[in-house]
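Colleague: Please find one structure pasted underneath; my questions will follow.
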Amino acid sequence: MSILVGRETRLLVQGITGREGEFHARQMQAYGTDIVAGMTPGKGGQRALDGSVPVFDTVAQAVAETGANTAISFVPAPGAPDSILEDLAAGIRTIVCITEGIPALDMLRVMPLVEAAGARLIGPNCPGLTSPGRAKVGIIPPSIHRQGRVGLVSRSGTLTYEVVQAMTDAGIGQSTCVGIGGDPIVGSSFIDILGHFRDDEETEAVVLIGEIGGDAEERAAAWAAEHLAHKPMVAFIAGRTAPEGKRMGHAGAIISGGTGTAAGKVAALEAAGIRVAESPTQIPRLLQEAGVRPD
Amino acid sequence: MKLQEFHAKSLLRAAGLPVPPWSVATTPAEVRQQASDYLRDGAGRVVVKAQVLVGGRGKAGGVKLAASADEAEAVGRAILGMDIKGITVRRVLVAPAADIVSEFYLAATLDRAAQRILVMGSAEGGVEIEQVAAQRPEAIVRVHAHPLLGLFDFQARELAFALGLGGTHLRSAVALAKGLVACLLANDADLVEVNPLAIVRERAPDGTEGLALQCLDAKVTLDDSGLPRHPDLAALRDLDEEDPTDAAARAEGLSFIKLAGNIGCMVNGAGLAMTTMDLVQRAGGQPANFLDIGGGARADKVAAAMRLILADPNVQAILVNIFGGITRGDEVARGLIEARGQQSREVPMVVRIVGTNAREAAAILEAAAFETASSLDDAAEKAVAAARRATAA
């Protein structure tokens, strides 16, 4: 098993006729993801990806005609919150939003509706997720993976790729890799994803990649100590050298009023019995020391 | 984006909050003129406050009282041009000094974990709220506001009672708390803070005295992602207080933050950029900057990034770390060659490019005789060594 996406995923790509959407839809399809529909208002009736995917004007039409059960949105920031609401209205319950630059208040307004619908939103401002060998719903480069039994959850994009590559090079495969996004308000927290990993029999160990800002890592550490003690966990925190009061690229990566520091996060993780790597390249070794065998 | 106090006060007033009069001066003569107007209208003293975005301006001598026009002009002369944490004071706010009876703290902010708007109040105003939070967390009252409907009346009343603002101040305290949330919602702010909120003694024109709640200071931070839909607020960005490199980076669509070290970093992705800085320090060096060139950067963007890094005279070595996903390694390699051709001075460069089109990139870099590195740790160590050699030379 994998979490959230797998062979049963029937994917709708919102913004499939845009430059980014088209490029990544092609990559996802090449990976073997079952892309059943595209959606761009005003372009209904066209076909995308060399004629292989029908394009619809609305999500409701796409769902009715193709049975799409998962959506990924490449819609630009001004329209992205609405694209999520349209998914909810059409009954889609697994939604990935790649879009960067959505105002925090928009997400604050969308989230109660996501929760009320019982849906799972990943992102925004995230690289999406990949269950190696089964489905890729996002923009993580496909070549870096190896199918295996370690789950990975991260607030970052390219840093995630770095860690996955290091794991793959060491022969340690992944069950599912999830980028939850670098914004202050995201659909799924570390804890949400850790909960899925806890329930997934295939996932034997978990890697958590955090960064400065907020207290999501501290909360995850406390939760893991209580609920995930039976699965080994290794972490990495980016931003040990980041100055206070400056947004480090990600909207959510900011130390303010002394909270959100890397040191505080490392201490919280270690207090929960989670080993924290000093460099991404140490992660495979720490996993092996925690009992994970290369595949 | 942080706003200057006088801009923040304008937003509070637009939201209907009680802010006493103020004006802005850029010369000692203007300070004198404005002060004498307030003194003539009955103010006992005026306060002159440096308008800078860095904290601790009071301790730095940037906030002073004056009892006469002469004194106000002298104070204005002392503060204007003053250096506060590297920022030159170009403007001061002039206002009648309030007759303060008691001080409070009130703020609305984004609660990331709860995904709600958090309203925080404390009867211990006028001091740093972080200090109160650390020493007496029970002294802070917290209420969550609805993201669509704002703060409800009963919540505002509960907050007011908890702060001891029942009785005659209840009505205005409720309006204030609700107005603070409305101000945050209307402007896509992620912080609207009033510290101190004060009960002040006011004298009416007929000579009778009364007490009123007033916002004596204001701090507003805007959500950068919300700025595209508030062009009027985006225009308030204070370029005088920014490192010129930061503004140049923004114009190029690059995310750049200048730091104190001597190893320039060019990376794609914010998390990896922070990690690269961390590994430079772990290898015994100090990063000169945070720089994320973003996803899908082309050769010209890479060249622009290189110019930004080299604009810092402290930079003695450059570390380029690219994990190609959307970004193509060969594009970056070509950009580096272009940048090296235009480079104003010789600085050793260590390049690591992996991921998409890494093989093509390696061939380009090898032909151009760049020093390359295979792993992240290796790249950081080589860059630190290169900087040491450059320092020694």
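Colleague: Please list 3J(HN,Hα) in residue order for region A:194-204, calculated via the Karplus relation 6.51 cos²θ - 1.76 cosθ + 1.60 where θ = phi - 60°; whole Hz, with x for glycine and proline.
Modeller: With the stated coefficients, region A:194-204 comes to 4, x, 5, 5, 4, 7, 8, 5, 6, 7, 9 Hz.
Colleague: Let a ≥ b ≥ c be the square roots of the eigenvalues of the Cα gyration tensor of region B:242-392; is it rounded (a/c under 1.5), or, if not, prolate (a/b larger than b/c) or oblate? Present the calculation step by step, with values, prior to reporting the outcome.
Modeller: Values: a/c = 1.32, a/b = 1.09, b/c = 1.21.
Cα axes put region B:242-392 in the rounded bin.
Colleague: Here's a follow-up. FRET efficiency for B:Asp378 and B:Ala14, Cβ-Cβ distance as r, R0 = 45 Å, nearest 0.05?
Modeller: Details: r = 55 Å, r/R0 = 1.22.
About 0.25, to the nearest 0.05.
Colleague: Please give every one of the aspartates and glutamates within straight-line cross-link reach of A:Lys136, meaning a C-alpha to C-alpha distance under 14 Å, and leave out same-chain neighbours fewer than 8 residues apart.
Modeller: Qualifying aspartates and glutamates at Cα under 14 Å: A:Glu8, A:Asp34.
Colleague: On a C-alpha basis, how far is the centre of region B:10-88 from the centre of region A:116-148 in Å? Whole number, if you could?
Modeller: 54
Colleague: OK, next. Whole-Hz Karplus ³J(HN,Hα) for region A:252-258, in order, using 6.51 cos²θ - 1.76 cosθ + 1.60 and θ = phi - 60°, x for Gly and Pro?
Modeller: Values per residue, Gly and Pro as x: x, 8, 8, 8, 9, x, x Hz.
Colleague: Pick from A:Leu194, A:Leu49, A:Leu105: which residue has the top mean-square fluctuation in a GNM of chain A where Cα pairs under 10 Å get a spring?
Modeller: For chain A, modelled as a Gaussian network with Cα springs under 10 Å, the answer is A:Leu105.
Colleague: Give me, ordered by chain and number, the residues 5 or more places off B:Asp217 or on other chains with an amide H under 5 Å from its own placed amide H.
Modeller: Counting only residues 5 or more places away or on other chains, the set is B:Asn195.
Colleague: Then there is this: For a quick check: with amide H placed at 1.01 Å from N, whose amide H comes under 5 Å from A:Thr241's, ignoring anything fewer than 5 positions away on the same chain?
Modeller: B:Asp278
Colleague: Continuing with the same structure: Between helix B:329-342 and chain B, what is the angle of the helix's C-alpha long axis to the longest principal axis, kept within 0 to 90° and rounded to the nearest 10?
Modeller: Its long axis makes an angle of about 90 degrees.
Colleague: Measure nothing but the geometry: give the 0 to 90° angle between the long axis through the Cα atoms of A:158-169 and the longest principal axis through the Cα atoms of chain A, rounded to 10°.
Modeller: The helix A:158-169 is inclined about 70 degrees to chain A.
Colleague: Give me the net charge for the shell around B:Asp188: Cβ to Cβ below 10 angstrom, other residues only, Lys and Arg +1, Asp and Glu -1. Walk me through the intermediate numbers first.
Modeller: Details: positive: B:Arg229; negative: A:Asp106, B:Asp190, B:Asp223, B:Asp224.
Neighbour charge sum, excluding B:Asp188 itself: -3.
Colleague: While we're on this one: From the phi angles alone, apply the Karplus equation (6.51, -1.76, 1.60; θ = phi - 60°) to region A:84-98 and give each ³J(HN,Hα) in whole Hz, x where the residue is Gly or Pro.
Modeller: Working through the residues one at a time gives 5, 4, 5, 4, 4, 5, 8, x, 6, 10, 10, 10, 10, 10, 7 Hz.
Colleague: What is the distance, in nm, between label points placed 7 Å from the Cα along the Cα-to-Cβ direction at A:Lys43 and at B:Arg90?
Modeller: Once both label points are built, they end up 4.4 nm from each other.
Colleague: Further question: Hey, how many Å between the Cα centroid of region B:217-268 and the Cα centroid of region B:175-209?
Modeller: 29
Colleague: If you don't mind, there's one more thing I want to ask. So for the pair B:Thr168, A:Ala229, with labels modelled 7 Å out along Cα→Cβ, what separation do we get in nm?
Modeller: For B:Thr168 paired with A:Ala229, the spin-label model returns 5.9 nm.
Colleague: So, R0 is 41 Å and r is the distance between the beta-carbons of B:Ser344 and A:Glu289; what FRET efficiency does that work out to, to 0.05?
Modeller: On the way: r = 48 Å, r/R0 = 1.17.
According to the calculation, E is roughly 0.30.
Colleague: A follow-up question, please. What residues have an amide H closer than 5 Å to that of A:Ala48, excluding those fewer than 5 places away on the same chain, when H is modeled at 1.01 Å from N in the peptide plane?
Modeller: A:Val53, A:Val55
Colleague: Going by alpha carbons, how many degrees (0 to 90, nearest 10) lie between the helix axis of B:69-79 and the longest principal axis of chain B?
Modeller: Relative to chain B, helix B:69-79 is tipped by roughly 20 degrees.
Colleague: In a Gaussian network model over chain A where Cα atoms closer than 10 Å are linked, find which of A:Pro141, A:Pro41, A:Pro284 has the largest mean-square fluctuation.
Modeller: Judging by the Gaussian network model, the answer is A:Pro41.
Colleague: When the helix-only estimate is applied to chain A (DSSP H runs of n ≥ 4, each -39,500 (n - 2.57), divided by the residue count), what is the mean residue ellipticity at 222 nm, nearest 500 deg cm²/dmol? Write out the running numbers ahead of the final one.
Modeller: Numbers: 9 runs with 95 residues, N = 295.
Calculated mean residue ellipticity at 222 nm is -9500 deg cm²/dmol.
Colleague: While we're on this one: Points 7 angstrom from Cα along the Cβ direction at A:Glu8 and B:Leu148: gap in nanometres?
Modeller: It is 3.1 nm.
Colleague: Let me ask something additional. Need one word for chain B: rounded, prolate or oblate. Basis is the Cα gyration tensor (sqrt eigenvalues a ≥ b ≥ c); a/c below 1.5 gives rounded, then a/b vs b/c decides. Don't jump to the answer; show the numbers that get you there.
Modeller: Working: a/c = 2.91, a/b = 1.99, b/c = 1.47.
Note, shape of chain B comes out prolate.
Colleague: Please find the FRET efficiency linking B:Ala134 to A:Arg93, where r is the Cβ-Cβ separation and R0 is fixed at 51 Å, and quote it to the nearest 0.05.
Modeller: Working: r = 42 Å, r/R0 = 0.82.
E(calc), rounded to 0.05, equals 0.75.
Colleague: Between region B:274-341 and region B:101-116, what's the alpha-carbon centroid distance in Å?
Modeller: Computed from Cα coordinates, the inter-centre distance equals 39 Å.
Where a number appears in this text, it was derived from the coordinates with a stated rule and is not lab data. This structure is a prediction, so every number in the text was calculated from the model and none was measured. Note that we place each Cβ from the backbone using ideal geometry, even for glycine, and neighbour counts take in every protein chain shown.
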